[in-house]
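Okay, structure first, notes after.
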Amino acid sequence: MMPNRIFMTLAFAAAALVAGGCANEDPNEHHFDNRLYLDGESTVTTLLLKKDTPSYTLQLTAAMALPQSHDVEVELAADPSLVERYNLAYSSDAVMLPAENYSLASPTTVIGAGSVASVPVELSFTGLDLLPSQQLYVLPVTIVRASVPVLESRRTSYYLFREGALINVVGELENNYLDVNWTNADVVNNLTALTVEALVFARDFDREISTLMGIEGKFLLRFGDATFNPGQLQVVNGNSKFPDKDDSKAIPTNEWVHVAVTYESSGAIRIYINGVLQSEGKCGSGAVNWGSYVPPSQETTSKRGFHIGYSYASERYFAGNIAEVRIWNRVLSAEEITSNNHFYWVDPASEGLVAYWKFDDGEGTTVRDHTANGNDARAFSEIKWKQVELPQSDK
């Protein structure tokens with residue numbers, strides 16, 4: 001698992017200042033002694049303990065309001081004695097993050113003459129997936145030495161580690177779509193058996209067709225069709241469509257729904273909604289070939305590509321959020337689909353899992369394939385990311 005690279009602090013709501021000093025001290029205010037401080041949006045950065053996130057790497061920077069005519073030396077260190085201060089200020093019961101789980105690349109840095117920011121210091125966290133997730137951990141990193149006065153209220157940065165939900169970030173598909181420029185297309189070609197899954201949150205179905213994923217005219221998952229309830233999941237395999245119209249099968253809006261479709265080349269097909277078998281029958285026949293890349297602007301009737309959230313026309317987007325998009329080269333059993341937390345997470349190394357787009361990237365236009373196949377998806381435009389906690393605590 002590659003480490004998550006984080007270059008912006010994640011704000012954590014707090015009601016009191018942790019460090020001493022005046023509560024109204026502003027690091028950007030012109031102080032006569034031009035005091036030094038640790039840069040960041042907050043004195044507390046919250047990071048999540050998740051089994052699929054063993055590591056984080058952050059950049060720690062010291063700064064001043066005004067440049068000096070000489071180099072300013074700064075020494076940083078982790079200080080366990082400040083854990084008690086943190087707990088008192090935040091009514092917390094955090095313990096010091098174990099020494100084996102963090103490292104400062106260099107304890108010293110310099111703000112060069114004429115500059116207002118130091119050379120960044122890399123702060124790395126590793127082995128986090130092995131920590132008990134029920135425990136709160138905190139790492140205080142503080143300025144222990146500087147060649148200029150320090151702004152006391154910003155001397156220390158606290159890194160808080162708490163248990164994260166299985167899903168904390170999802171992507172928005174409305175008026176957007178993703179292509180997969182397959183670097184390893186073989187894994188999704190000639191599929192004589194498959195399972196495709198997604199976790200979706202539909203705000204509305206105000207158009208005739210809303211596309212989930214696939215290739216138009218070949219093998220496509222979509223909601224709605226002419227005369228169909230626009231919220232009913234439909235599979236189109238060549239000239240075959242499944243299932244028949246049934247208004248009772250429309251998925252609800254404004255709530256998270258897990259959908260799964262299993263298919264065999266004999267045509268045998270099953271649709272599961274939230275783990276419950278909704279439809280079973282036959283839809284065409286033959287192997288599924290999804291490993292083609294054709295931009296929508298170049299599509300013709302005979303040559304179309306695999307997309308998430310697009311088919312045939314741009315107005316067929318999916319109006320809502322999406323997560324946990326997976327393709328398997330085997331038929332999952334009902335027991336596997338309904339196994340504990342399966343809707344929200346699976347092991348990327350699971351047998352038969354050939355593509356896994358979690359939509360948890362949180363920035364940019366690329367959605368990483370979490371399998372070893374490297375088939376990342378790329379959005380047409382900047383993705384709107386949404387913070388969530390799934391599964392919801394009241395479920």
Legend entry - segment 168-390: relative contact order in percent, alpha carbon pairs under 8 Å with at least 6 residues between: 33
Inset, instruction - Assuming a ≥ b ≥ c are the square roots of the Cα gyration tensor eigenvalues, decide whether segment 236-298 counts as rounded (a/c under 1.5), prolate (otherwise, with a/b larger than b/c) or oblate. - result: oblate
Inset, instruction - Could I have the simple spin-label model distance between N189 and K303, label points 7 Å from Cα toward Cβ, reported in nm to one decimal? - result: 1.5
Inset, instruction - Multiply the residue separation of E382 and S106 by 0.36 nm, subtract the distance between their alpha-carbon atoms, and state the gained length in nm to one decimal. - result: 95.8 nm
Inset, instruction - Report, in whole Å, the centroid distance computed from the Cα atoms of segment 69-107 and segment 138-160. - result: 7
Inset, instruction - Within segment 305-369, list the GluC sites (Glu not before Pro) lying in a DSSP loop whose Cβ has at most 11 other Cβ atoms in a 10 Å radius. - result: E351
Inset, instruction - Counting other Cβ atoms within 10 Å, keep those with at most 15, restrict to DSSP loop, and tell me which trypsin sites (Lys or Arg not before Pro) in segment 224-331 are left. - result: K245
Legend entry - Ranking of R145, R35 by count of other Cβ atoms within 10 Å, fewest first: R145, R35
Legend entry - Three-way shape call for segment 168-390 based on the alpha-carbon gyration tensor, with the a/c threshold at 1.5: rounded
Inset, instruction - Give the relative contact order (percent, whole number) for the chain; include only Cα pairs under 8 Å separated by 6+ residues. - result: 18
Legend entry - Relative contact order %, segment 34-111, counting alpha carbon pairs below 8 Å whose residues are six or more apart: 36
Legend entry - Helix-only [θ]222 nm of the chain, DSSP H runs n ≥ 4, -39500 (n - 2.57) each, per residue, nearest 500: -500 deg cm²/dmol
Inset, instruction - Give, as a single signed number, the net charge of other residues whose beta carbon lies under 11 Å from the beta carbon of T156, with Lys and Arg counted +1 and Asp and Glu -1. - result: +1
Legend entry - Subset of K51/K384; K51/K282; K245/K386; K51/K245; K303/K358; K50/K245 violating a 31 Å alpha-carbon distance limit: K51/K282; K245/K386; K51/K245; K50/K245
Inset, instruction - Compute the length gained on full extension between S124 and Q59: take 0.36 nm times their separation in residues and subtract their Cα-Cα distance, giving the result in nm to one decimal. - result: 22.5 nm
Legend entry - Amide H partners (placed H, <5 Å) of V44, local residues excluded: F12, Y158
Inset, instruction - Could you please report the charge total around G284, scoring K, R as +1 and D, E as -1 over all other residues with beta-carbon less than 14 angstrom from its beta-carbon? - result: +2
Legend entry - Chain lengthening between T253 and D204 when straightened (0.36 nm per residue, less Cα-Cα): 17.0 nm
Legend entry - Percent of beta bridges antiparallel (DSSP, the chain, rounded to nearest 5): 90
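Coordinate-derived values only; no laboratory data. Predicted model only: the values in this text are computed from it and were never measured. Heads up, the Cβs are rebuilt from the backbone with ideal geometry, glycines too, and the neighbour counts pull from every protein chain shown.
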